[in-house]
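Working notes for the structure below.
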Amino acid sequence: MKPLLDINRLNIDYQSNKKEFNIIKDINIQIDEKMKYGIVGESGSGKSLTSLAILNLLPDALKVDQGHIKLNTDSTKDLITLSKKEMRKIRGNDIAMIFQEPMTALDPVYTIEYQLLEVLKIHKNYSKKEMHQKGLDMLNKVGISRSEQIMKAYPHELSGGMRQRVMIAMALICEPKLLIADEPTTALDVTIQAQILDLMNDLSESHHTAILMITHDLGVILETCERVAVMYAGQIVEESTVENIFEEAAHPYTKGLLSSIQSLGERSNELYSIPGNVPTPDNYQELGCRFATRCPFAMDKCYEQEPPMFEVQDDHASKCWLHVEEAQDDERRTSRAGS
Amino acid sequence: MSEEQVVLEVKHLKKYFPIKGGILKRTQGHVKAVDDISFDVRENETFSLVGESGCGKSTTGRAILRLHEPTDGDVLFNGENLIDVSKSSFRHLRKDMQLIFQDPYSSLNPRMTVKKLLMEPLLTHKLATPKEAEEKTVEMVEKVGLSTEHLDRYPHEFSGGQRQRISIARALILRPKLVILDEAVSALDVSIQSQILNLLKQLQEEFQLTYIFISHDLNVVKHLSDRVGVMYLGQMMELAETEALYDNPLHPYTKALLSAIPSINPKEKENKERIILQGDVPDPSDPPSGCPFRLRCPMAHDRCAEEIPRYIEAERDHWVACHLYDE
Ligand SMILES: Nc1ncnc2c1ncn2[C@@H]1O[C@H](COP(=O)(O)OP(=O)(O)OP(=O)(O)O)[C@@H](O)[C@H]1O
Ligand SMILES: Nc1ncnc2c1ncn2[C@@H]1O[C@H](COP(=O)(O)OP(=O)(O)OP(=O)(O)O)[C@@H](O)[C@H]1O
Ligand code: SF4
Ligand SMILES: [Mg+2]
Ligand SMILES: [Mg+2]
């Protein structure tokens with residue numbers, strides 16, 4: 001069976017008359033119907049741009065220069081080649097997105113009701129009364145208590161977390177086949193976060209909605225996803241099931257991420273963090289591994305040649321030279337033992 | 001902390017927002033976003049405010065800085081009442097008090113480059129010459145994990161977390177005395193978050209800064225704070241030193257909140273006991289009688305519907321508003 005969403009060799013470049021550089025390189029992701037897939041990585045690693053590319057919403061200076069993004073519903077469409085109009089049909093119907101910053105998605109001059117019900121008006125056939133009721137139900141489901149009042153309110157009259165939940169309601173109300181959730185719970189406390197994640201789960205069960213969960217929070221990944229891709233500097237560096245990533249992380253970057261969450265929650269003076277920062281695209285290492293400058297295990301080779309995506313075990317790939325070295329060592333040992 | 005100097009006193013602060021309705025747009029009621037809260041913030045400490053979405057944390061921060069005119073109550077900054085001072089002296093005091101907004105997207109002027117965004121406050125408050133301002137800008141940008149090459153870029157050319165760091169840099173560059181950080185690190189991954197938290201601590205020691213840290217992330221709050229206040233429906237439910245609050249929470253609401261902290265250890269995931277709160281957060285324009293938490297409280301009894309619990313010092317330096325502790 002074809003996956004619902006098939007991102008194949010996606011590359012995104014920055015192009016202006018002054019400069020040109022690569023931002024996102026060789027992203028491959030397959031998401032089946034009903035699957036819950038996570039993308040995790042530090043700030044600036046390219047998570048949001050990857051998701052914006054799916055909906056053809058990249059800022060002007062950014063161009064997809066290779067690869068395709070196929071959506072397999074009744075028919076197969078390459079989302080990259082769709083016109084604005086065709087894309088609008090898909091948005092809100094097949095694919096819905098929860099944006100990282102609610103205020104970018106909410107229009108300050110319209111009421112919540114107007115914005116929440118807009119997708120229903122376009123895609124579904126409901127009476128005014130039915131729509132209103134659906135809106136109220138949805139707001140209640142995302143834990144907004146005074147839903148009648150909030151329907152009439154404007155975005156600035158809501159708290160940060162309420163805005164985020166209104167946006168979630170907007171995305172869920174149209175019961176999409178694919179829900180892209182970019183940091184959907186950053187402004188929410190744990191109780192409501194749990195409620196929202198449950199709600200997404202329910203939707204996934206009842207409508208076979210697949211979820212692409214984008215987050216920097218490994219805890220959210222653990223709670224919700226089946227598979228996860230770890231992104232660094234515009235590339236996927238490790239990909240596998242959630243269990244494998246948490247229990248047998250292979251890539252030095254993933255290991256670093258895991259140790260930094262484990263040190264939080266202890267009231268110590270210094271928190272563990274991976275030394276250095278994610279480079280911005282204009283500073284990506286041109287040759288070799290993009291993580292090399294921050295990697296505690298970097299070897300000469302890491303600065304010279306790009307590591308391949310290496311199958312460390314069944315269904316678990318990691319982009320690091322260490323695995324290749326280890327495999328070669330193993331091979332040498334076995335061949336020596338054999339002779 | 002032995003000698004505790006109070007920098008900020010919040011007394012009976014209230015902020016009600018009118019709800020307009022009907023064809024005539026008459027006021028039909030009020031959202032009691034902040035409803036009579038009092039607390040002190042001590043010099044050089046990190047005081048955190050936690051509580052569910054919509055409980056009034058941001059409104060409290062904004063009302064302290066008069067970005068929302070308080071409906072009632074007083075706010076004293078180093079003994080001076082911010083509510084009565086004249087506009088001009090308030091503006092003067094304001095540079096000592098910075099707010100990092102919850103939504104960096106709407107608080108950064110999209111037409112200014114990062115360099116301009118950071119230099120502007122220094123120049124308007126006449127705290128530096130253009131040359132010094134530029135040096136400070138470079139230094140600050142690097143401290144928040146960005147680089148000088150970013151100085152000529154505009155806010156929309158950054159990722160969400162990068163934008164959040166720009167707002168942090170912009171607030172800290174003024175070396176204020178009091179900084180209100182509203183969900184300032186919530187969009188950041190653990191690694192950069194640790195880096196920023198370490199930076200905040202380091203600046204706090206270096207410049208004797210006082211922080212009011214608003215966050216829903218109880219792990220971060222535990223790590224960073226000296227004292228924590230727990231809000232619910234516009235009111236303060238519990239306030240204590242961090243350790244006392246986390247090790248010995250008194251209020252049923254605090255207990256539920258703490259039990260819900262997601263585990264980062266997959267093995268713990270199954271055997272952790274959670275207190276699931278029943279029901280929704282009540283409507284702040286029509287709060288329940290008695291204790292605001294009673295409709296969701298597993299310990300609620302008759303008295304809770306009848307009397308508003310007093311806010312009392314149940315243990316030394318440990319305040320709580322719950323009938324269970326007020327026999
Ligand atoms: N319009 C743009 N022009 C140039 N560079 C950009 C633009 N938008 C984003 N970038 C850069 O591309 C990189 C990836 O950005 P992206 O928004 O995808 O990160 P992210 O992983 O979502 O991070 P965060 O967790 O902080 O939201 C960042 O370094 C960012 O500065
Ligand atoms: N300008 C406004 N006009 C009307 N109501 C408002 C306004 N600002 C806030 N409110 C209401 O006041 C209540 C408290 O909002 P506040 O932003 O203080 O919450 P919060 O604790 O910061 O929540 P969050 O964690 O979601 O940011 C909410 O019910 C909100 O709808
Ligand atoms: S390839 Fe080298 S630099 Fe890159 S992660 Fe592996 S060891 Fe580190
Ligand atoms: Mg992002
Ligand atoms: Mg807020």
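The values are calculated or read from the model by the stated rules, or taken from the named source; none is laboratory data. In this text the structure is predicted, and so the values were computed from the model without any measurement. Neighbour counts run over all protein chains shown; Cβ positions are idealised from the backbone, glycine included. Quick note on the areas: whole protein, heavy atoms, side chains included, nothing else; ligands and nucleic acids left out. Shrake-Rupley method; radii C 1.70, N 1.55, O 1.52, S 1.80 Å.
Here is a list of conditions, (1) within 16 Å of ligand 5 (Cβ to nearest atom); (2) closer than 30 Å to residue B:287 by Cα, and residue A:183 meets all of them except one; can you say which number that is?
Only one criterion in (1) within 16 Å of ligand 5 (Cβ to nearest atom); (2) closer than 30 Å to residue B:287 by Cα is unmet by residue A:183, namely (2).
For segment A:75-193, which strands (runs of 3 or more DSSP E) that fit wholly inside it have 1 or more residues that are within 16 Å of ligand 1 (Cβ to nearest atom) and either within 14 Å of chain B (Cβ to nearest Cβ) or closer than 28 Å to residue A:60 by Cβ (or both)?
In segment A:75-193, the matching strands (runs of 3 or more DSSP E) lie at A:95-98, A:178-182.
Restricting to segment A:90-116, name every residue that is free of Cβ contacts under 8 Å to residues at least 40 places away in the same chain and in contact with a Lys or Arg (Cβ under 9 Å, 6 or more places away or on another chain).
Answer for segment A:90-116, where residues must be free of Cβ contacts under 8 Å to residues at least 40 places away in the same chain and in contact with a Lys or Arg (Cβ under 9 Å, 6 or more places away or on another chain): A:90, A:101, A:113.
Do the conditions hold for residue B:86, that is, is it in contact with a Phe, Trp or Tyr (Cβ under 8 Å, 6 or more places away or on another chain), within 28 Å of residue B:56 (Cβ to Cβ) and not hydrophobic (A, V, I, L, M, F, W, C)?
Here the answer is no, as residue B:86 does not meet what is asked.
Of the conditions (1) open to solvent by less than 60 Å² (accessible area, probe 1.4 Å); (2) modelled with pLDDT of 90 or more; (3) not hydrophobic (A, V, I, L, M, F, W, C), residue A:304 clears all except one; give me its number.
Going through (1) open to solvent by less than 60 Å² (accessible area, probe 1.4 Å); (2) modelled with pLDDT of 90 or more; (3) not hydrophobic (A, V, I, L, M, F, W, C) one by one, residue A:304 breaks only (1).
Among strands (runs of 3 or more DSSP E) lying entirely in segment B:158-233, which contain 3 or more residues that are among the acidic types (Asp, Glu)?
none
Would segment A:215-227 turn up any residue that is assigned to a loop (DSSP other than H, G, I, E, B), modelled with pLDDT of 95 or more, away from every other protein chain (no Cβ under 14 Å) and under 30 Å from residue A:293 (Cα atoms)?
The answer is no, given that none of the residues of segment A:215-227 is assigned to a loop (DSSP other than H, G, I, E, B), modelled with pLDDT of 95 or more, away from every other protein chain (no Cβ under 14 Å) and under 30 Å from residue A:293 (Cα atoms).
For segment A:111-123, check the following and say yes or no: at least one residue is closer than 30 Å to residue B:108 by Cβ and in contact with a Cys (Cβ under 9 Å, 6 or more places away or on another chain).
So far as segment A:111-123 goes, yes, one or more of its residues are closer than 30 Å to residue B:108 by Cβ and in contact with a Cys (Cβ under 9 Å, 6 or more places away or on another chain).
Kindly establish whether residue B:193 is buried (at least 21 other Cβ atoms within 10 Å of the Cβ), away from ligand 2 (no atom under 16 Å from the Cβ) and farther than 24 Å from residue B:55 by Cα.
So residue B:193 fits the description; yes.
Just to be sure, is residue B:167 open to solvent by 20 Å² or more (accessible area, probe 1.4 Å) and within 14 Å of another protein chain (Cβ to nearest Cβ)?
Spelling it out, it is not the case that residue B:167 is open to solvent by 20 Å² or more (accessible area, probe 1.4 Å) and within 14 Å of another protein chain (Cβ to nearest Cβ).
Just a yes or no: is a residue in segment A:191-206 open to solvent by less than 10 Å² (accessible area, probe 1.4 Å), within 24 Å of residue B:276 (Cβ to Cβ) and within 16 Å of ligand 5 (Cβ to nearest atom)?
Yes.
Answer yes or no: is there a residue in segment A:233-249 that is more than 16 Å from ligand 5 (Cβ to nearest atom), of a type in the set (Phe, Trp, Tyr) and crowded, with 22+ Cβ neighbours inside 10 Å.
No, there is no match, as no residue in segment A:233-249 is more than 16 Å from ligand 5 (Cβ to nearest atom), of a type in the set (Phe, Trp, Tyr) and crowded, with 22+ Cβ neighbours inside 10 Å.
Yes or no, residue by residue, for (1) acidic (Asp, Glu); (2) within 16 Å of ligand 4 (Cβ to nearest atom):
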residue: A:167; (1), (2): no, yes
residue: A:183; (1), (2): yes, yes
residue: A:190; (1), (2): no, no
residue: A:209; (1), (2): no, no
residue: A:236; (1), (2): no, yes
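Do you know which residues across segment B:186-197 are closer than 13 Å to residue B:168 by Cα and either more than 7 Å from chain A (Cβ to nearest Cβ) or without any contact (Cβ under 8 Å) to a residue 12 or more places away in the chain (or both)?
Result: B:193, B:196.
Cβ-Cβ under 9 Å, sequence separation 6+ or interchain: first residue in segment B:18-31 and in contact (Cβ under 8 Å) with a residue 12 or more places away in the chain, partner open to solvent by 100 Å² or more (accessible area, probe 1.4 Å). Which pairs?
Once the first residue is in contact (Cβ under 8 Å) with a residue 12 or more places away in the chain and sits in segment B:18-31, its partners that are open to solvent by 100 Å² or more (accessible area, probe 1.4 Å) give B:18/B:28; B:19/A:152; B:19/B:28; B:29/B:286.
Please find, within segment B:191-216, the residue that is nearest to the chain's Cα centre (by Cα) out of those that are under 27 Å from residue B:309 (Cα atoms) and not aliphatic (A, V, I, L, M).
B:213
What are the pairs with Cβ atoms under 7 angstrom where one residue, in segment A:138-162, is polar (S, T, N, Q) and the other, located anywhere, is within 16 Å of ligand 5 (Cβ to nearest atom)? Sequence gap at least six, or different chains.
Listed pairs, sorted by first residue: A:145/B:281; A:159/B:53; A:159/B:54; A:159/B:58.
Provide a single number: the residues in segment A:163-186 that are within 12 Å of ligand 2 (Cβ to nearest atom) and either out of contact with any Gly (no Cβ under 8 Å at 6 or more places or on another chain) or open to solvent by 20 Å² or more (accessible area, probe 1.4 Å) (or both).
Qualifying residue count, segment A:163-186: 5.
Looking only at segment A:255-263, decide whether some residue is away from chain B (no Cβ under 11 Å), open to solvent by less than 10 Å² (accessible area, probe 1.4 Å) and modelled with pLDDT of 90 or more.
Within segment A:255-263, none of the residues are away from chain B (no Cβ under 11 Å), open to solvent by less than 10 Å² (accessible area, probe 1.4 Å) and modelled with pLDDT of 90 or more.
Among the residues of segment B:52-106, write down those that are buried (at least 23 other Cβ atoms within 10 Å of the Cβ) and of a type in the set (Lys, Arg).
Scanning segment B:52-106 gives a single hit, B:57.
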